[in-house]
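Just below is one structure, and these are the notes that go with it.
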Amino acid sequence: MDSRRDFLRKSALLSLGGLAAKAVSEEKLNELEKLSGENFSLTAFTLPALPYSHDALEPFIDKQTMELHHGKHHQAYVDKLNTALQTTKNPGHATLEEIFNNINSYSEGVRNNGGGHYNHSLFWTLMKENKAGAPNLPSGKIADAINSSFATFDEFKKQFAAAATQRFGSGWAWLVVSDKKLKITSTANQDNPLMSLAEVKGTPVLALDVWEHAYYLKYQNKRADYINNWWNVVNWDKVNELFSKA
């Protein structure tokens, strides 16, 4: 509560301009606090830095796509999410995960842009450099779980690629942990399996963006080629980390 009031006091001082040197009255502070509880979100989301350079995923994902995808598309989701939250009455949640768990209580702006921010933030971490094109295979517990759930890694890739290819229009393909089991699913637009409205709910451990802006500059309409090449840059260490926490 004290940190919240400190934040509001500083906001009030900034808004008062030339009067900022004067103390904010308790009456004014109480008024601001009342307003903040109704239609002001203290959470301001920011664009995370990429964990690698824009050209690190070449030749599989090109530099220009990464620059636009991260710096333009993802930034737009962040900006629009913050705007949507500022106009949302009683946002009441501090994290995206909590928002998703009650997504029907939020506006389309929060749903679309909150999903876009979360999905992309996860997606960047699930890829890593592999310029030599060396075989990129899972290991450890995630490899065992994939073999247990799908018989072989090749069969898993086939089913995951089908979910990504068959997603009509824009969306995502996912590998999730649901009821302690691995499941493959897909969602439209910027929805994800954490949302209360998801057809298959679960904790994401692998995600693939199949919006056209993720691949069109390099692959044009060949989504299948993009998916096939994407396997070369999957960060299985990160997948293992997420799986161990799911």
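Residue by residue through segment 197-207, note down the ones that are over 18 Å from residue 234 (Cβ atoms) and either within 14 Å of the chain's Cα centre (by Cα) or crowded, with 16+ Cβ neighbours inside 10 Å (or both). Once the filter is applied, which keeps residues that are over 18 Å from residue 234 (Cβ atoms) and either within 14 Å of the chain's Cα centre (by Cα) or crowded, with 16+ Cβ neighbours inside 10 Å (or both), segment 197-207 yields 198, 201, 202. For segment 131-140, a residue qualifies if it is within 14 Å of residue 205 (Cβ to Cβ) and outside any helix (DSSP H, G or I), and exactly one does: 138. Residue 194 meets each of the listed conditions (1) surrounded by 19 or more Cβ atoms within 10 Å (Cβ to Cβ); (2) closer than 19 Å to residue 166 by Cβ; (3) touching a residue at least 24 places away in the same chain (Cβ under 8 Å) apart from (2).
Filtering segment 72-89 to residues that are among the polar types (S, T, N, Q) and over 13 Å from the mean Cα position of the chain (by Cα) leaves 82, 83, 86, 87, 88.
Being over 26 Å from residue 97 (Cβ atoms), of a type in the set (Gly, Ala, Ser) and in contact (Cβ under 8 Å) with a residue 24 or more places away in the chain is not true of residue 207.
Filtering segment 141-153 for residues that are of a type in the set (Gly, Ala, Ser), modelled with pLDDT under 95, under 28 Å from residue 177 (Cβ atoms) and part of a helix (DSSP H, G or I) leaves an empty set.
Here residue 104 meets the list (1) touching a Leu at 6+ places or on another chain (Cβ under 8 Å); (2) exposed (fewer than 12 other Cβ atoms within 10 Å of the Cβ); (3) not in a helix (DSSP H, G or I) almost entirely, failing just condition (3).
Which of the residues belonging to segment 220-234 are part of a helix (DSSP H, G or I) and polar (S, T, N, Q)? Correct list: 228, 229, 232. Need the failing condition index for residue 168 against (1) aromatic (Phe, Trp, Tyr); (2) part of a helix (DSSP H, G or I); (3) loosely packed, with under 15 Cβ neighbours inside 10 Å, just the number. Here residue 168 clears every test but (2).
The values are calculated or read from the model by the stated rules, or taken from the named source; none is laboratory data. All values derive from a computational prediction rather than experimental measurement. Cβ atoms come from the backbone with ideal geometry, glycine included; neighbour counts cover every protein chain shown.
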